[in-house]
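Computed from the coordinates by the stated procedures, all read-outs in this text should not be read as laboratory data. Since this is a predicted model, take the numbers as computed values, not measurements. So basically every Cβ, Gly included, is an ideal-geometry build from the backbone, and we count neighbours across all protein chains shown.
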Amino acid sequence: MIVISMQADATQEQLNKSIRGLEKHYSLYINGDKQITKIKDKAFWGLLNDDN
């Protein structure tokens, strides 16, 4: 049980480090399969200016 806890702590710390190291206007997206993807954020006014 302690090994699992230590692994979980190491995983949590790695995730925290990734979050702290993100560039401005970027986020981490976690999908249903728990895969992490770095995505660029878009301001609301950028959505209004899209041609879509």
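Numbers for the structure displayed
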| quantity | calculated |
| --- | --- |
| Cα shape, segment 11-52, gyration tensor, a/c 1.5 rule | oblate |
| Inter-probe distance in nm under a simple model that places probes 7 Å from Cα toward Cβ, at SER18 and TRP45 | 3.2 nm |
